[in-house]
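Working notes, structure below.
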Amino acid sequence: MARQIRMGLIGHKFMGRAHSHALRDLPMFFDIGAEPVMQTLCGLEEDLEAAARRYGWASWTHSWREVVEDPRIDAISICTPGHTHCEIAVAACRAGKHVICEKPLALTLAEARRMLEAARSAGVKHAVNFNYRKAPAVALAHQLIREGHLGRIFLFHGFYFQDWPLDPEFPHVWRMDRSVAGAGSMADKGSHLLDLARFLVGEIAEVSAATEIYVKERPSAGGTRLPVTTDDAAVFTVRFSTGALGLFATSRMAAGHKNGLGFEVQGARGSLRFDLERLNELQVYLAGEPGATEGFRTVLATSPEHPYAGAWWPPGHVLGWEHTFVHQYVDFLRAVVDDTQVRPDFEDGMKAQAVLEAIETAARNRRWIQVEA
Ligand SMILES: NC(=O)c1ccc[n+]([C@@H]2O[C@H](COP(=O)([O-])OP(=O)(O)OC[C@H]3O[C@@H](n4cnc5c(N)ncnc54)[C@H](O)[C@@H]3O)[C@@H](O)[C@H]2O)c1
């Protein structure tokens, strides 16, 4: 019988569902030398039992401590809001569980450091779910850059736009509360972009930034109005330690954009472009191609030679957003089985957090800030 890895998942709503789906799909397509067992689902709301039954979990509880302390459980997925990540992750590591945590890793750099330290001293595997690295087209971009096809990288341009609270009467939710979410679009969306920039270009050395809260108060469930304490939008420029430059914009008030993430990387010998709404495609321009037909080409990253793609369907049978979560679990659980390192890990999460903290300081002080090493 294949080795079993018993999972406990904390937070059963949006991400809890995406992670549950990934755990169910994974064994059908990937042979990782082990079988994930969906043991216990945890969440606070009353529909927990119905969700657990529907997603395929054997048991459920409202107490995350019960999950973390359960000796049957090998690995914990953290899918709760940011203010809970550190406490749950540290407790899970101390209980000897492998941990995969949603992004951004923590509320502060100090918390992220504590999480990394706890994972290292427990000797457990630790991953952060920057799932966009796991889209085959993005993993292909990384491969092309690493192999030198673009030459020296000059510039990264990234944006991440949504418009869910565009209506000023859209209710106050946890993402608008600094004590729960840490920051707004800058952290929620910016953390994904910063991870992609680090993945594709390298470490970020310094930042300048501006943020704005367009709607200062929102209606609460109790009938009052609550202050919005996280940014609606942010812009930031960065200098990478290689000397490359970066330009970023994030917003949750970007009319018409539902989940619009995109980036471009420009190098001395070529450029790459990616747009999440065309997730299977990578736009590739390599200098030196014939004059009359010179230009960006669309590569459909669904063939066996593309990262992750060969395990799925025949070429051209496209993948979706949810498949990035499956790939994340493939990498995480393989690391558990083979005792190898998984990326992105808590160190990647911590480094993204260091940049976020520098961006906040830069926006507050209106000047360039060095990122803490
Ligand atoms: N990787 C991605 O693309 C992506 C997308 C959306 C959200 N996220 C991240 O996932 C995390 C969760 O976001 P979401 O949108 O799923 O939130 P959500 O509001 O939909 O769900 C939060 C869940 O956490 C549970 N919870 C909260 N506090 C808890 C506690 N103390 N004990 C047990 N359960 C608790 C709630 O009951 C709920 O089930 C956040 O860190 C967010 O930034 C990542």
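The values are calculated or read from the model by the stated rules, or taken from the named source; none is laboratory data. Nothing here was measured: the structure is a model prediction, and the numbers come from that model. FYI the Cβ positions are ideal-geometry reconstructions off the backbone, even for glycines, and counts take in every protein chain you see. Remember, those area values only see protein heavy atoms, side chains included, never the ligands or the DNA or RNA. Shrake-Rupley method; radii C 1.70, N 1.55, O 1.52, S 1.80 Å.
Only residues that are within 13 Å of L333 (Cβ to Cβ) and in contact (Cβ under 8 Å) with a residue 60 or more places away in the chain: list them for the range 5-28, please.
Within the range 5-28, I5, R6, M7, H19, A22, L23, D25, L26 qualify.
Looking only at the range 112-131, which residues are within 16 Å of the ligand (Cβ to nearest atom) and either free of Cβ contacts under 8 Å to residues at least 40 places away in the same chain or open to solvent by less than 10 Å² (accessible area, probe 1.4 Å) (or both)?
Matches in the range 112-131: A112, M115, A127, V128, N129, F130, N131.
Would you confirm whether any residue within the range 89-97 is among the basic types (K, R), touching a Lys or Arg at 6+ places or on another chain (Cβ under 7 Å), within 22 Å of V337 (Cα to Cα) and more than 13 Å from the ligand (Cβ to nearest atom)?
No: zero hits.
Looking at L150, L155, which is the one that is more than 24 Å from A335 (Cα to Cα), outside any helix (DSSP H, G or I), open to solvent by less than 10 Å² (accessible area, probe 1.4 Å) and more than 16 Å from the ligand (Cβ to nearest atom)?
It is L150.
Is it the case that A112 is assigned to a loop (DSSP other than H, G, I, E, B), farther than 22 Å from A22 by Cβ and aliphatic (A, V, I, L, M)?
So A112 does not fit the description; no.
Only one of these conditions is not met by P168: (1) in the same structural domain as E281 (by TED's automatic domain parsing); (2) part of a helix (DSSP H, G or I); (3) open to solvent by 50 Å² or more (accessible area, probe 1.4 Å). Which number is it?
(2)
Just to be sure I understand the filter: pairs with C-beta atoms under 9 Å, separated by 6 or more residues or on different chains, first member in the range 191-205 and among the small types (G, A, S), second member part of a helix (DSSP H, G or I). Which pairs pass?
What qualifies is S191/G349; S191/A352; S191/Q353; S191/V355; S191/L356; A197/V355.
Could you tell me whether the range 123-133 includes any residue that is under 29 Å from F263 (Cα atoms), assigned to a strand (DSSP E or B) and of a type in the set (A, V, I, L, M, F, W, C)?
Yes, because at least one residue in the range 123-133 is under 29 Å from F263 (Cα atoms), assigned to a strand (DSSP E or B) and of a type in the set (A, V, I, L, M, F, W, C).
On the given criteria, is S59 more than 9 Å from the ligand (Cβ to nearest atom) and within 26 Å of R178 (Cα to Cα)?
So S59 does not fit the description; no.
Would you check if A234 is of a type in the set (A, V, I, L, M, F, W, C), open to solvent by less than 10 Å² (accessible area, probe 1.4 Å) and over 25 Å from P165 (Cβ atoms)? Even if it seems obvious, please write down each step before you answer.
Numbers: of a type in the set (A, V, I, L, M, F, W, C): yes; open to solvent by less than 10 Å² (accessible area, probe 1.4 Å): yes; over 25 Å from P165 (Cβ atoms): no.
It is false that A234 is of a type in the set (A, V, I, L, M, F, W, C), open to solvent by less than 10 Å² (accessible area, probe 1.4 Å) and over 25 Å from P165 (Cβ atoms).
For every residue, the table says whether it meets (1) under 22 Å from the mean Cα position of the chain (by Cα); (2) part of a strand (DSSP E or B); (3) modelled with pLDDT under 95.
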{"residue": "F236", "(1), (2), (3)": "yes, yes, no"}
{"residue": "T242", "(1), (2), (3)": "no, no, no"}
{"residue": "G246", "(1), (2), (3)": "yes, yes, no"}
{"residue": "A255", "(1), (2), (3)": "no, no, no"}
{"residue": "K258", "(1), (2), (3)": "yes, no, no"}
{"residue": "L261", "(1), (2), (3)": "yes, yes, no"}
{"residue": "Y285", "(1), (2), (3)": "no, yes, no"}
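Yes/no matrix, rows are residues, columns are (1) in contact with a strand residue (DSSP E or B) (Cβ under 7 Å, 6 or more places away or on another chain); (2) within 16 Å of the ligand (Cβ to nearest atom); (3) of a type outside the set (K, R):
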{"residue": "A2", "(1), (2), (3)": "yes, no, yes"}
{"residue": "L9", "(1), (2), (3)": "yes, yes, yes"}
{"residue": "K13", "(1), (2), (3)": "no, yes, no"}
{"residue": "G16", "(1), (2), (3)": "yes, yes, yes"}
{"residue": "S20", "(1), (2), (3)": "yes, yes, yes"}
{"residue": "F29", "(1), (2), (3)": "no, no, yes"}
{"residue": "Q39", "(1), (2), (3)": "yes, yes, yes"}
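Determine which single condition A135 fails, assuming it passes every other condition in (1) farther than 30 Å from W312 by Cβ; (2) open to solvent by less than 20 Å² (accessible area, probe 1.4 Å); (3) hydrophobic (A, V, I, L, M, F, W, C).
Only one criterion is unmet by A135, namely (1).
Does V201 satisfy being modelled with pLDDT of 95 or more, among the β-branched types (V, I, T) and within 16 Å of the ligand (Cβ to nearest atom)? Reasoning before the result, please.
Values: modelled with pLDDT of 95 or more: yes; among the β-branched types (V, I, T): yes; within 16 Å of the ligand (Cβ to nearest atom): no.
Criteria not met by V201.
Please work out which residue is nearest to H21 (Cα to Cα), limiting yourself to the range 286-324 and to residues that are of a type in the set (S, T, Y) and open to solvent by 30 Å² or more (accessible area, probe 1.4 Å).
Among those residues, the one meeting the criterion is Y308.
Among the residues of the range 334-351, is any of a type in the set (G, A, S), assigned by TED's automatic domain parsing to the domain that holds V235, over 19 Å from the mean Cα position of the chain (by Cα) and open to solvent by less than 40 Å² (accessible area, probe 1.4 Å)?
Looking through the range 334-351, none of the residues is of a type in the set (G, A, S), assigned by TED's automatic domain parsing to the domain that holds V235, over 19 Å from the mean Cα position of the chain (by Cα) and open to solvent by less than 40 Å² (accessible area, probe 1.4 Å).
For the range 89-127, which positions are under 14 Å from V180 (Cα atoms) and over 17 Å from the mean Cα position of the chain (by Cα)?
E111
If you take just the strands (runs of 3 or more DSSP E) that sit entirely in the range 24-106, which of them hold at least 1 residues that are surrounded by fewer than 24 Cβ atoms within 10 Å (Cβ to Cβ) and aromatic (F, W, Y)?
Values: elements: 34-42, 59-61, 75-78, 98-101.
Counting at least 1 such residues, we get 59-61.
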